[in-house]
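Notes to accompany the following structure.
A short reminder: the numbers here are calculations on the coordinates, not readings from a lab. The model shown is predicted, which means the values in this text are computed figures rather than measured ones. Cβ: placed from backbone, ideal geometry, glycine included. Neighbour counts: every protein chain shown.
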Amino acid sequence: MNQPRWDRLLLNATLATFADARSCGVIEQGAIAMHHGRIAWVGRMGDLPAAPATLAASVLSLDGALVTPGLIDCHTHLVFGGHRASEFDQRLNGASYEDIARAGGGIVATVQSTRAASEEALYAQALPRARMLLADGVTTMEIKSGYGLELDSERRMLRVARHLGRELGLTVQTTFLGLHALPPEYRDRRDDYVSLVCDEMLPTLAGEGLVDAVDAFCEGIGFSREETRRLFDRARQLGLPVKLHAEQLSDQGGAALVAEYGGLSADHLEHLTEPAVAAMAAAGTVAVLLPGAFYALRETRLPPVELLRRHGVPMAVATDCNPGTSPLLSLRLAAGMACTLFRLMPAEALRAVTVNAARALGLADRGTLAVGQRADLVVWDARQAAELCYWIGGNLARRIYVAGQPVSRRKPDRRSSSAA
Ligand code: DI6
Ligand code: FE
């Protein structure tokens, strides 16, 4: 008998390929083959080139189960010390996010607990969160720094992010967010802090290979457009892509700025206006919607989804997993919330956590089921793509493959504690 040509073959699958321009690209009674970590064949079972059993070393029949690309969480702050559950009480008692931040809580509170945590402790706290995202189907995630706000602590966060990727076998894209908040010790020296971030922290951490992209919090309680511009100029010199927390709480002109720099994405966008939408469309900048933060802050102003559609700006959705505004540990739930709260259609919300999220990270090798793409995929306890955002909660991911290998989502009995 001939050698099988592929490592693995899944049969009787409902494939959501996301390979066309608009829909989920569903193939019923589909088959998908993986070889050497890539997708080697995808199509209708009836079109396979030979009898399935002869084609792959491992052949699995799925009884119609849904298969999608591994989900991609393109905006998280997953690594941090402690949590801020007490702010939940304060907000429910009427304090706003800005009130809490101005009173010394908010991001700065997490900065204190992050600075106080060792690399091992940060890793031990972040690992279960990363596992929960993975268990829900995420195979690629972005993780930002921004709770250190000094060189050593920012470095620790980024090292922990890289370590999580290695430990779990996931792709982790790191983002340097030194301009997240003004650290208290720089209260009267804003310019000095911006200089430190642009002239020392970013070049040093980039030189250590810890930075895949650069972000800032462009906001009244964060950094101005001009301060952000200084950072983006430095990123450009270093050849690093940029993205931005823009127009979350007010219109600061951040989305137009990130578009001007040809940025990967503008994120949040509740206060986005039409000229900036047009600028994003022209630049190919992705709109990243973060319904977890909208929900947790009980916001009422919606991002302009209809304008984004009309201008053809690709929309991604992410968890924004962070201890302050979005303690959200399910990307599938984020996609469901994007439907319920922001009125995305299920096909849009699913494109937003696959193909468009890949684009928001500048990754062309994933997010669709197509020959040559990385074999990151999820087999779901579902048959219809819309179910992924329709079921609220639950555990639907049945099998997860990363680069063609099944991954275990079970916690090891013994906690891995080495940060090496
Ligand atoms: N926007 C957010 O949603 C997070 N950071 C940001 O710039 C919130 C971070 C936090 O409150 O800890
Ligand atoms: Fe964020």
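Each of D192 and L302 was given a label point 7 Å from its Cα along the Cα-to-Cβ line. The distance between the two points is 4.7 nm.
Note on the chain: GNM, Cα springs under 10 Å; of L55, L361, L329, the largest mean-square fluctuation is that of L55. For the chain, the Cβ-based charge dipole about the Cα centre amounts to some 1220 debye (Lys, Arg positive; Asp, Glu negative; other atoms uncharged). Two tests apply to each whole DSSP H helix in the chain, Cα reach of 18 Å or more along its axis and mean Kyte-Doolittle hydropathy of at least 1.0, and none passes both.
Put in order of Cβ neighbour count within 10 Å, fewest first, the listed residues I143, I392 become I392, I143. Hey, if you put +1 on the Cβ of every Lys and Arg and -1 on every Asp and Glu Cβ in segment 284-413, which of L377, A357, C389 ends up farthest toward the positive end of that dipole? Farthest towards the positive pole: L377.
Site pair A370 and N12 shows an inter-label distance of 3.0 nm when each label is modelled 7 Å from Cα along Cα→Cβ. Given the options S23, S153, M34, identify the residue whose Cα lies farthest towards the positive end of the charge dipole of the chain (+1 on Cβ of Lys, Arg; -1 on Cβ of Asp, Glu). Working it through, the farthest residue towards the positive pole turns out to be M34. Please name whichever of M315, L329, T68 sits farthest to the positive end of the charge dipole of the chain, dipole taken about the Cα centre and charges placed at Cβ: Lys and Arg +1, Asp and Glu -1. My answer, from the dipole projection, is T68. Per-residue Cβ neighbour counts within 10 Å put F342, F223, F294 in the sequence F342, F294, F223, beginning with the fewest. Listed from fewest to most Cβ neighbours within 10 Å, the set L60, L10, L363 follows the order L60, L363, L10.
DSSP beta bridges in the chain, what fraction antiparallel, as a percent rounded to 5?
Details: 23 of 54 bridges.
Bridges in the chain are about 45 percent antiparallel.
Taking the Cα centre of segment 146-193 as origin and assigning +1 to Lys and Arg Cβ atoms and -1 to Asp and Glu Cβ atoms, the resulting dipole is close to 240 debye. Scaling against 2.2 N^0.38 Å puts the C-alpha radius of gyration of the chain at 0.98.
In debye, nearest 20, what is the charge dipole magnitude of segment 50-109 about its Cα centre with +1 on Lys and Arg Cβ and -1 on Asp and Glu Cβ, if you could check? Present the calculation step by step, with values, prior to reporting the outcome.
Working: 3 positive and 6 negative charges, 19 e Å.
Magnitude of the dipole: close to 100 debye.
Each label was represented as a point 7 Å from its Cα along the Cα-to-Cβ direction; for R398 and A103 these points are 5.0 nm apart.
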